[in-house]
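Peer 1: Before I ask anything, here is the structure I am working with.
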Amino acid sequence: MSIVIITGAAGLIGSEAVEYYAEKNYKVIGIDNNMRELFFGEEGSTIWNRDRLSKKFKRYYEHHDIDIRNNEAVNKLFEKYKSDISLIIHTAAQPSHDWAAKDPIMDFTVNANGTLHLLEAMRKYSPEAVFLFTSTNKVYGDTPNQLPLVERETRWEIDPEHDYQNGIPESLSVDQNMHSLFGASKLSADILVQEYGRYFNLKTACFRGGVLSGARQSGVKLHGFINYLMRCVMTNTPYTIIGYKGKQVRDVIHSTDVISAFDAFFEKPRTGGEVYNLGGGRESNISMVEAINASQEISGNKLSTSYDENARAGDHIWYISDLDKFKNHFPDWKQKYNVRKIMEEIYETNKNRWINKEIVKR
Ligand SMILES: NC(=O)c1ccc[n+]([C@@H]2O[C@H](COP(=O)([O-])OP(=O)(O)OC[C@H]3O[C@@H](n4cnc5c(N)ncnc54)[C@H](O)[C@@H]3O)[C@@H](O)[C@H]2O)c1
């Protein structure tokens, strides 16, 4: 039986990957120690999703409560399955830009050291496997804020004369800018993943995500913007807009579109440490103000908002991923969702639970 190892298996992207590969009858080994609850409190807990997966895929899913900082435990798992492992999807992380400054050592040891443990275990025990890493657009630091931007009624936009109409490409410098501690730990991991591809000639790839979203995210104030916004509007929870007049732009991709991109790479892997930007791109992006309007239209509720003019250090003003490189390498990949459809799905999936405020215990 071919084995897929998924770290962060109970999180948004990890659980989508578990669903996808368990449905395809792979044996899926999930690693997740619910550290999201430690980072963000009870609302961030992903235990409900772990239990759901274990119940749904009894035969194909095996959960391990391992902390990826525990090198010995990671090694033991890889040693057990060795060359039966055909794919590793690494999504476990401290995922918040803001949280990282609270405890930079924990952030770095999870994001950077944890990634190194997995890469090294793969090199030792399953060097033929494919290794996919969920990196982030924060590796570019605040360099995107140097682009010539123009202010429109509801959003910032790139100057129509600039080359990046289609979004920001992978060639943008990652150097000499402000990343946030989170950006720095993820960039360290991103470079390690590239290096294992280049130096050791392994099949590794980094996917630098825009906003990754979906109905099953345990969205919290510090992470999971679209999901958290929908929950606020549906539960009459006040929402604070932070900086840039609420006109900051993000591109948003659904978790199933992320997994179909991962699978395209798995089917036709490349060595050499490939890097791809992966977000909603031009087809799926939204500003904060536009997202608030859409959330109100979809829910029929009015959102109570306040405004804090102090933008977060290193926060992007306008970020849209250029998806051309990935689409050129994998022309059959198609996005199924845009941001409006994602928000509608979040509403439909969660309306009974959230509108009744049964949100804490899932
Ligand atoms: N969601 C986004 O908008 C976004 C954007 C860009 C990049 N990313 C990256 O994508 C990946 C997945 O994001 P997500 O939204 O699914 O995150 P998530 O928080 O929903 O899932 C991550 C899971 O990893 C687990 N985890 C954390 N630390 C761990 C550890 N030390 N050992 C084992 N498990 C641990 C958590 O409990 C959680 O269930 C992350 O690496 C994140 O940095 C996410």
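Peer 1: Which ones in region 262-284 are touching a residue at least 60 places away in the same chain (Cβ under 8 Å), under 20 Å from K336 (Cα atoms) and either surrounded by 23 or more Cβ atoms within 10 Å (Cβ to Cβ) or of a type outside the set (G, A, S) (or both)?
Peer 2: Our first condition is that a residue be touching a residue at least 60 places away in the same chain (Cβ under 8 Å); within region 262-284, this holds for 262-266, 268-282.
Next cut, under 20 Å from K336 (Cα atoms) only: 262-266, 276-282.
Correct list: F262, D263, F265, F266, Y276, N277, L278, G279, G280, G281, R282.
Peer 1: Regarding H254, is this residue over 25 Å from R152 (Cβ atoms), modelled with pLDDT under 95 and crowded, with 18+ Cβ neighbours inside 10 Å? Break it down stepwise before answering.
Peer 2: On the way: over 25 Å from R152 (Cβ atoms): yes; modelled with pLDDT under 95: no; crowded, with 18+ Cβ neighbours inside 10 Å: yes.
No; evaluated as a whole, the condition is false for this residue.
Peer 1: Still on this structure, please answer the following. Would a scan of region 59-79 turn up a residue that is within 30 Å of A311 (Cβ to Cβ), surrounded by 15 or more Cβ atoms within 10 Å (Cβ to Cβ) and within 13 Å of the ligand (Cβ to nearest atom)?
Peer 2: We begin by selecting, within region 59-79, every residue within 30 Å of A311 (Cβ to Cβ); these are none.
Checked region 59-79: no residue is within 30 Å of A311 (Cβ to Cβ), surrounded by 15 or more Cβ atoms within 10 Å (Cβ to Cβ) and within 13 Å of the ligand (Cβ to nearest atom).
Peer 1: I would also like to ask the following. Of the residues T256, T305, which is among the hydroxyl-bearing types (S, T, Y), within 23 Å of Y20 (Cα to Cα) and touching a residue at least 24 places away in the same chain (Cβ under 8 Å)?
Peer 2: Numbers: T305 fails: within 23 Å of Y20 (Cα to Cα).
Of T256, T305, the one residue that is among the hydroxyl-bearing types (S, T, Y), within 23 Å of Y20 (Cα to Cα) and touching a residue at least 24 places away in the same chain (Cβ under 8 Å) is T256.
Peer 1: Right, next: Looking only at region 94-135, filter to residues that are among the hydrophobic types (A, V, I, L, M, F, W, C) and outside any helix (DSSP H, G or I); which one of those is farthest from the ligand (Cβ to nearest atom)?
Peer 2: Applying the first criterion (among the hydrophobic types (A, V, I, L, M, F, W, C)) to region 94-135 yields 99-101, 105-106, 108, 110, 112, 116, 118-119, 121-122, 129-133.
Cutting the leftovers down to outside any helix (DSSP H, G or I) gives us 129-133.
Working: A129: 19, V130: 17, F131: 13, L132: 11, F133: 8 Å.
It comes out as A129.
Peer 1: State which residue pairs qualify: first residue polar (S, T, N, Q) and inside region 48-60, second residue assigned to a helix (DSSP H, G or I) in any location, beta carbons under 8 Å apart, and separation of 6 or more residues or different chains.
Peer 2: N49/S15
Peer 1: Related question: Please work out if P160 is touching a residue at least 24 places away in the same chain (Cβ under 8 Å) and not hydrophobic (A, V, I, L, M, F, W, C).
Peer 2: Working: touching a residue at least 24 places away in the same chain (Cβ under 8 Å): no; not hydrophobic (A, V, I, L, M, F, W, C): yes.
No, not satisfied.
Peer 1: Out of the residues in region 3-58 that are of a type in the set (S, T, N, Q) and in contact with a helix residue (DSSP H, G or I) (Cβ under 9 Å, 6 or more places away or on another chain), state the one that is surrounded by the fewest Cβ atoms within 10 Å (Cβ to Cβ). Steps first, answer last, please.
Peer 2: Of the residues in region 3-58, the ones of a type in the set (S, T, N, Q) are 7, 15, 25, 33-34, 45-46, 49, 54.
Remaining after also requiring in contact with a helix residue (DSSP H, G or I) (Cβ under 9 Å, 6 or more places away or on another chain): 7, 15, 34, 45-46, 49.
On the way: T7: 28, S15: 25, N34: 16, S45: 20, T46: 25, N49: 23.
Here the answer is N34.
Rundown of residues vs (1) touching a strand residue (DSSP E or B) at 6+ places or on another chain (Cβ under 7 Å); (2) modelled with pLDDT of 95 or more, yes/no style:
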position	(1), (2)
I13	yes, yes
V28	yes, yes
F39	no, yes
E42	no, no
L53	yes, yes
R69	no, yes
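Peer 1: Look through T91, T204 and report the one residue that is within 16 Å of the ligand (Cβ to nearest atom), over 27 Å from A291 (Cβ atoms) and crowded, with 19+ Cβ neighbours inside 10 Å.
Peer 2: T204
Peer 1: Does any residue in region 208-230 that is touching a residue at least 40 places away in the same chain (Cβ under 8 Å) come within less than 7 Å, Cβ to Cβ, of a residue that is of a type in the set (D, E) and part of a strand (DSSP E or B) six or more places away or on a different chain, and which pairs are these?
Peer 2: Here the result reads G210/D251; V211/D251, each pair linking region 208-230 to a residue that is of a type in the set (D, E) and part of a strand (DSSP E or B).
Peer 1: So G8 clears everything in (1) under 27 Å from S260 (Cβ atoms); (2) without any contact (Cβ under 8 Å) to a residue 12 or more places away in the chain except one condition, right? Which one?
Peer 2: (2)
Peer 1: Hey, another quick one. Scanning for something at pLDDT 95 or above, within 30 Å of E344 (Cα to Cα) and in contact with a Pro (Cβ under 8 Å, 6 or more places away or on another chain), does region 189-204 turn up at least one residue?
Peer 2: The initial filter retains those residues of region 189-204 that are at pLDDT 95 or above, namely 189-204.
Filter once more, so that each one left must be within 30 Å of E344 (Cα to Cα): none.
The answer is no; no qualifying residue exists.
Peer 1: Looking at region 339-357 only, could you name the residues that are of a type in the set (S, T, N, Q) and at pLDDT below 90? Write out each step before concluding.
Peer 2: Filtering region 339-357 for residues of a type in the set (S, T, N, Q) gives 349-350, 352, 356.
Answer for region 339-357, where residues must be of a type in the set (S, T, N, Q) and at pLDDT below 90: N352, N356.
Peer 1: Somewhere in region 304-324, is a residue basic (K, R), modelled with pLDDT of 95 or more and on the phi < 0 side of the Ramachandran plot?
Peer 2: Step one: of region 304-324, the residues basic (K, R) are 312.
Now drop any that are not modelled with pLDDT of 95 or more, which leaves none.
There is no residue in region 304-324 that is basic (K, R), modelled with pLDDT of 95 or more and on the phi < 0 side of the Ramachandran plot.
The values are calculated or read from the model by the stated rules, or taken from the named source; none is laboratory data. Just so it is clear, the model here is predicted, and its values are computed rather than measured. Don't worry about glycine lacking a Cβ; one is built from the backbone with ideal geometry, like all the others, and counts go over all protein chains shown.
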